[in-house]
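Remarks on the structure that follows.
Bear in mind that the values in this text are calculations on the coordinates, not laboratory data. Note that this is a predicted model, so its numbers are computed, not measured. Reconstructed Cβ throughout: ideal geometry from the backbone, glycine too, with neighbour counts over all protein chains shown.
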There are 2 protein chains.
Amino acid sequence: MIDRLIRKIKEKNNPTVVGLDPRLSMIPNFMKEASYERYGKTPKAVAEMFYSFNKEIIDAVWDIVPAVKPQIAMYEQYGHEGIKAYIDTVKYAKEKGLIVIGDIKRSDIASTAEAYAEGHIGRVEIEEENYDIYGTDSITLNPYLGYDSIEPYMKHCKDHDKGLFILVKTSNPNSGEIQDLEVDGEKLYERVGKLVSKWGEELVGEAGYSSIGAVVGATHPQQAERIRKIMPRTYFLVPGYGAQGGKAEDLKGYFNEDGLGAIINSSRGIIAAYKKEEYNSEFSEKDFGKAARQAAIDMREDLNRVVAL
Amino acid sequence: MIDRLIRKIKEKNNPTVVGLDPRLSMIPNFMKEASYERYGKTPKAVAEMFYSFNKEIIDAVWDIVPAVKPQIAMYEQYGHEGIKAYIDTVKYAKEKGLIVIGDIKRSDIASTAEAYAEGHIGRVEIEEENYDIYGTDSITLNPYLGYDSIEPYMKHCKDHDKGLFILVKTSNPNSGEIQDLEVDGEKLYERVGKLVSKWGEELVGEAGYSSIGAVVGATHPQQAERIRKIMPRTYFLVPGYGAQGGKAEDLKGYFNEDGLGAIINSSRGIIAAYKKEEYNSEFSEKDFGKAARQAAIDMREDLNRVVAL
């Protein structure tokens, strides 16, 4: 997986992933009204508008970004209709040649992890039939349960050229409460980082990076430099740019000298750009896709100032 | 939530929760064939047979157990059809008066946690309409991200009389890899236990227990006694009895002197009892519900030997 991602990053000269995290409040009124008219004010209507919204965002950015990251919670909250919109979004993004990272942050014991693994990155067997249910290229996972909760995913990473990003240091204000605790003279997230790096050794690709990556929030530039040294061959998925306060200058330390090693996520900063003061005079509600494209270009330029591929 | 759970436990004299974790391999052939005939060998067929299977299990045990715990991974792996079967299962169990614990082990930053919270234990607003999407009474969560990843659920626990069980010490063999690390002279799971206990203070009910509980695996009897002392007012959800090797004798330390404080989960030991040597001579495949009832009665007797309510 990681070599496919790196190729796309180089091709587009852009280490950005667009977070497809739609919320009802982001959907343009004309889209809302159309769906409400068809299905009433129901989860089915919201699922339909999320998918239509995502499609237009994907159409607007597919040629300038390497990857998208749908956050499953935004869909899951609307029940099975929402999950259908998530699956359809993944499928459409794949058709457009994008790498799709499913932000699912699952965690469970081995036999249960196997079920998640088969569904999200593997194949589900029903007698002699095989189904690729979610079809994502990579997913995020939570490491609190230890290696036997991660191991069931490894086989599918190998067999189907898929990857993982495991939480190491998250972007939220309380991330330190557990992750920064001292264990034998180091922080817990450093220890977890070393484990993730070790788990990933068997999946290092041609470019020297592992398909087992780490989530490291954009809001911790000092810690990131240290984590970068601890795990030089691990790719970082970096949330928190823009809306959560991370700036391009702070992101240099997340990358290696080769300009690789990190992919920076922006969600509402891109998909809801049409609502932002910077863009809303130029782009109307109908042009939310064009606004997203402009925001994605601006983000690429911003990152290109600090990292050269 | 916790007072409702305790009332049911006392009423049934049974601190058991039945894990509704169906797998294709557990479904009786006559049920499989009926669904395949209707929908082919498809996720829709599996979703239908899971729901039919669960309904018959629920019909067989609702009057002797206080609660059920569907593991969402088993349904999620089959996509949106699977999620529909999960939702329908929760609804049916609630109609039968059971407390339903959704085993979802989610973890995410605040704004995303809010989406999970609204969907699973709160209400989802679509303009002026309100939806109770999943309808579970309580859910499991992973604490690795810290309190701001838990806090969004608290409001819904208060407003809708719901609860949480937060992972403290899991039942899997590698649980110690991260959870047993030493932090300032104590184990990480002890530190997490203290945090969970503190987070739960504002939700202590009439019986003196909090609606914010902890997951503590049945495979760690020594550690459980210590955790019991650290968090006397926290209810434990205890997986790992039976299939994972936990025995009733080992479970005494999970309970308080009042006979309360823990609810023990058994999944395949009950729902797939008809396949076990103990039961398969007495119960045919068609009688899988009756076998589950007998296994649930046997488990209740087993637990009653070591804990008196």
Around B:L20, which amide H atoms from residues at least 5 apart in sequence, or from another chain, sit under 5 Å from its own amide H, with H modelled in the peptide plane? B:K69, B:Q71
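Looking only at Cα atoms, what is the convex hull volume of region A:126-186 per residue, in Å³?
Cα-based convex hull of region A:126-186, divided per residue, equals 133 Å³.
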With no solvent and one equal point scatterer placed on each C-alpha of chain B, evaluate the Debye formula and give log10 I(q)/I(0) for q = 0.06 Å⁻¹, two decimals. -0.19
To one decimal in nm, how far is B:S284 from the same spot in the other copies, if labels go 7 Å from Cα toward Cβ? Please give the shortest first. 7.1
Whole-angstrom Cα spans of region B:1-78 along principal axes, big to small: 44, 22, 16
Sequence-distant residues sharing a close amide H with A:I139 (under 5 Å, placed H): A:G102, A:G163, A:L164, A:F165
I want the antiparallel fraction of DSSP beta bridges within the protein assembly as shown, as a percent rounded to 5. 15
So, over other residues within a Cβ distance under 11 Å of B:N142, counting Lys, Arg +1 and Asp, Glu -1, the net charge is +2
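Out of all DSSP beta bridges in region A:2-306, what portion is antiparallel? Express it as a percent rounded to 5.
Percent antiparallel among DSSP bridges in region A:2-306 is about 15.
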Around B:G185, under 15 Å between beta carbons, what's the net of Lys plus Arg minus Asp minus Glu among the other residues? -3
Cross-link list A:K105/A:K194; A:K158/B:K32; B:K91/B:K276; A:K91/A:K252; B:K105/B:K286: which exceed 27 angstrom alpha carbon to alpha carbon? A:K158/B:K32; B:K91/B:K276; A:K91/A:K252; B:K105/B:K286
Region A:215-289-region B:213-235 distance, computed between alpha-carbon centres (Å): 40
Output wanted: per-residue J couplings in Hz (rounded whole) for region B:284-290, from phi through Karplus 6.51 cos²θ - 1.76 cosθ + 1.60, θ = phi - 60°, x for Gly and Pro. 7, 3, 5, 9, 4, x, 4
Pick out which of B:L145, B:L188, B:L203 has the largest mean-square fluctuation in a Gaussian network model of chain B, springs linking Cα atoms closer than 10 Å. B:L145
In whole Å and largest first, what semi-axes does the C-alpha gyration tensor of the protein assembly as shown yield when each eigenvalue is scaled by 5 and square-rooted? 39, 28, 23
Taking the Cβ of B:I2 as the center, what net charge do the other residues with Cβ under 14 Å away carry, scoring Lys and Arg +1 and Asp and Glu -1? 0
Tell me what chain A gives for mean residue ellipticity at 222 nm when only DSSP H runs of n ≥ 4 count, each as -39,500 (n - 2.57), the sum divided by the residue total, rounded to 500 deg cm²/dmol. -13000 deg cm²/dmol
Mind checking B:148-159 for the average number of partner chain beta-carbons within 10 Å of each residue's beta-carbon? 1
Taking the alpha-carbon distance from B:K198 and a cut-off under 16 Å, which aspartates and glutamates remain once sequence neighbours fewer than 8 residues away in the same chain are dropped? A:E177, B:D148, B:E151, B:E190
Which whole-number percent of Cα pairs in region B:73-215 have a distance greater than 27 Å? 25
At 7 Å out from Cα toward Cβ: A:V306 inter-copy label distances (nm, ascending): 5.4
Sequence order, region A:117-124: Karplus ³J(HN,Hα) from phi using 6.51 cos²θ - 1.76 cosθ + 1.60, θ = phi - 60°, Hz rounded, Gly and Pro as x, gives 4, 4, x, 8, 10, x, 10, 9
Aspartates and glutamates with Cα under 16 Å of A:K96, excluding same-chain neighbours fewer than 8 positions away: A:E11, A:E56, A:D59, A:D63, A:D88, A:D137
Under the Karplus relation with 6.51, -1.76 and 1.60 and θ = phi - 60°, whole-Hz ³J(HN,Hα) for region B:35-47, x at Gly and Pro, equal 6, 4, 5, 6, 10, x, 7, 10, x, 4, 5, 5, 4
To one decimal in nm, how far is B:K229 from the same spot in the other copies, if labels go 7 Å from Cα toward Cβ? Please give the shortest first. 4.1
B:V183 long-range amide H proximity, modeled H, under 5 Å: B:L188
For a quick check, take a GNM of chain A with Cα springs below 10 Å and name the residue from A:D103, A:D184, A:D88 with the largest mean-square fluctuation. A:D184
Rounded to the nearest Å, the spacing of the alpha-carbon centers of region A:91-135 and region A:36-62 is 22
Looking at region B:241-309, which GluC sites (Glu not before Pro) are in a loop (DSSP not H, G, I, E or B) and have at most 14 other Cβ atoms within 10 Å? B:E257, B:E282
